[in-house]
Every structure is written in C-alpha cells, then in structure tokens.
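In what follows, a single structure is set out as structure tokens and then discussed.
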Amino acid sequence: MTAAFLNGVELHYEERGVGAPLALLNGILMSVGSWGPLLPALSARCRCILHDFRGQLRSEKRSGEIHLDEHVEDLLALLDHLAVDRCHVVGTSYGGEVGMLFAARHPERVLSLTVIASVAHVEARLREQTDAWAGAALEDPARLYRTMLPDTFSPAFLERSPGLAETGEALLGRFPKEFFTAFAGLVRAFQRLDARAELPRISCPTLVLSAADDTLKPPSYGREIAALVPGARFALVPGAGHAVVVEKPEEVASRVLEFLGTTAVAVRRAVRVAP
C-alpha cells in the first residue's frame with residue numbers, strides 16, 4: 001500500500017504508466033481499483049495518478065464533516081508530494097465535481113479537464129435520491145448496494161449482469177462500519193455542492209461527458225456545466241447509465257484519449273504562434 005500523510009490525513013494513492021500526468025478522481029463509491037478496466041488504455045499513454053479521497057475505502061476516515069474543499073486541497077498536496085507541476089484531470093460523478101472545483105481554484109496546475117456524469121449543483125430530486133443512499137449506509141448497510149443500483153446502472157446493463165446485486169452486497173459486506181459512516185459523510189459533502197459561480201473561472205480545455213441513460217445525473221446537468229465553462233465541449237455516451245465508466249470503459253477511455261490528443265495539438269500550436 002502506498003500512502004502519504006497530507007493535510008492531516010493518510011491518503012492511499014497509486015501510479016500507473018508513463019507520460020503526461022493524468023489524475024483520475026473517483027466516484028463516491030469507487031476506490032482506485034474501480035478504474036481498472038480503463039487503465040490499460042490510459043496508462044499506455046499517461047502517468048495515471050489515482051487516489052482514494054479522504055473517507056473512501058483505502059484512505060483515512062475521521063469523525064466530523066467532510067467537505068469538497070478538503071478533497072481539492074488534498075489533490076493539490078498529492079501533486080506537490082509527487083512533484084507534479086501540471087496534470088490532466090479526469091473525474092467521474094463525485095470526482096468530476098471535485099475536478100471542476102480544482103480546475104477553477106488552481107488553474108495553473110491543470111492541463112485539461114474531463115468531467116464525466118457530474119452536476120454543477122444539487123437540486124431537490126437529486127438530494128432525495130442521495131438521502132436514500134446515506135440513510136441506507138447509516139441504518140442498514142446491507143441494503144446500500146441495492147438502494148444505489150437503479151440510480152447507478154442502466155436497465156440494459158442490469159439485464160446483462162445477472163447477480164450484480166449479490167456480488168455488490170457481498171463486497172460491501174466485508175467493509176468495516178466506519179466505511180459506511182464515512183460514505184454518508186461523503187454524500188453530505190456532495191449535497192452542499194453549488195459550483196455554478198466558479199465554473200466560468202475554468203480556463204483549461206474541458207470535455208463534459210454525460211451518459212444518455214443516466215437517471216441520477218441526466219445529460220441536462222452536463223449541458224449546464226458545458227454552458228458555464230468557457231469553450232467546453234459536450235459529448236453524449238449512448239446506451240449507458242450513471243456508472244458509464246463501468247458500463248463502457250473502453251469508450252470512455254477512447255474519448256478521453258482523443259480529447260487529450262486534440263488538447264496536446266492545441267497547446268503545441270499556441271506555443272508556435274506565441275510572440
């Protein structure tokens with residue numbers, strides 16, 4: 001296990017591959033291992049930097065509130081620890097929201113930003129859905145996975161994946177009680193999100209990916225983000241639900257690498273024409 005004591009907590013992190021630094025930021029129930037299906041393609045061209053946010057599975061869990069601001073500063077500290085001056089940032093769901101805040105507040109550290117299945121703010125319907133997640137985590141952890149399942153995956157993926165609920169429940173059943181308490185804290189941190197005033201400050205090339213069948217954070221949220229971030233591109237991944245990085249990892253990796261390629265070309269052109 002690789003860990004660093006940063007900003008008062010121990011954060012688990014991993015690195016894969018060589019090339020331009022690429023920070024991969026987890027969704028709320030993810031851990032570094034969740035990126036596994038995307039890593040062969042991404043690590044072939046990038047130095048992938050993965051970490052569990054404070055409160056997530058492999059990182060330290062402390063009592064008290066968790067704030068998205070802390071994740072932003074933890075990422076900054078991790079990049080400093082690894083002597084990474086600037087990097088590409090890719091985040092899905094919760095990680096995409098952290099990535100947007102990081103890019104807005106530390107623009108000098110971000111080469112590009114890819115935001116996947118994320119929102120700029122939390123409306124009543126989304127609050128109710130995630131309230132059910134936090135309630136299950138605190139009151140009956142055994143039903144957390146089934147509570148999240150219909151919000152997380154598309155009906156087509158669920159039909160193709162018999163036994164998914166049982167597998168997920170068995171996995172969560174091995175986690176300690178403090179995991180579920182911390183998970184509820186992450187949910188509360190998300191529910192306080194409203195980044196709309198900060199998004200216009202993002203200055204790096206930005207790609208916003210939404211999943212066409214995402215019922216938790218529908219494409220309308222992605223379009224809102226793209227409208228608020230200057231020059232952002234919006235793209236839709238068909239036939240996938242909220243957990244698009246799980247349902248279509250190859251397509252997501254391909255779209256990210258294509259975007260990074262066009263970003264690199266744009267940077268080289270800007271350098272050539274600079275006075």
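The values are calculated or read from the model by the stated rules, or taken from the named source; none is laboratory data. Keep in mind that what you see is a predicted model, and the values were worked out from it rather than measured. When we count neighbours, we look across all protein chains shown, and the Cβ atoms used for this are built from the backbone with ideal geometry, even at glycine. Just the protein is used for accessible areas: all its heavy atoms, side chains included, with ligands, DNA and RNA removed. Shrake-Rupley method; radii C 1.70, N 1.55, O 1.52, S 1.80 Å.
Remark on segment 1-141: ratio of C-alpha radius of gyration to 2.2 N^0.38 Å is 1.04. A Gaussian network model of the chain, with springs between Cα atoms under 10 Å, assigns the largest mean-square fluctuation among GLY231, GLY99, GLY64 to GLY64. Using heavy atoms of the protein chains and a probe of 1.4 Å, the accessible area assigned to THR215 is about 80 Å². A helix-only calculation puts the chain at -14000 deg cm²/dmol for mean residue ellipticity at 222 nm, using -39500 (n - 2.57) for each DSSP H run of at least four residues, averaged over all residues. Counting only Cα atoms, segment 65-104 measures 27, 22, 15 Å along its principal axes, largest extent leading. Rg/Rh for the chain stands at 0.95; both radii use Cα atoms, and Rh follows the Kirkwood definition. Over segment 72-151, the Kirkwood radius and the radius of gyration, each from Cα atoms, give a ratio Rg/Rh of 1.10. Ligands, DNA and RNA left out, the accessible area of segment 146-275 computed with a 1.4 Å probe is 60% carbon and sulfur. To test your reading of the geometry: what angle, between 0 and 90 degrees and rounded to tens, separates the Cα axis of helix 124-139 from the longest principal axis of the chain? Approximately 50 degrees, to the nearest ten.
Based on C-alpha pairs under 8 angstrom that are at least 6 apart in sequence, segment 1-95 has a relative contact order of 39 percent. Rg ratio for segment 1-61: its Cα radius of gyration over 2.2 N^0.38 Å, N being its residue count, equals 1.10.
Cross-link partners for LYS248 among the lysines, with Cα-Cα distance under 24 Å and sequence neighbours closer than 8 places in the same chain left out: LYS217. Considering only ASP140, ASP214, ASP131, the Gaussian network model of the chain with Cα springs below 10 Å gives its largest mean-square fluctuation to ASP140.
Exposure here means at most 11 other Cβ atoms within 10 Å; with GluC sites (Glu not before Pro) in a DSSP loop as sites, the longest stretch of the chain lacking them is 124-275. Between HIS71, HIS51, HIS121, the residue with the greatest mean-square fluctuation in the GNM of the chain (Cα pairs under 10 Å linked by springs) is HIS121.
Accessible area per residue was computed with a 1.4 Å probe on protein heavy atoms; PHE5 scores about 140 Å².
Enumerate the lysines that LYS61 could reach by cross-link, defined here as Cα to Cα under 16 Å, with residues fewer than 8 away along the same chain left out. Within the straight-line limit of under 16 Å, LYS61 reaches these lysines: LYS177. With the gyration tensor restricted to C-alpha atoms of segment 65-222, the semi-axes of the equivalent ellipsoid amount to 28, 19, 15 Å, longest first.
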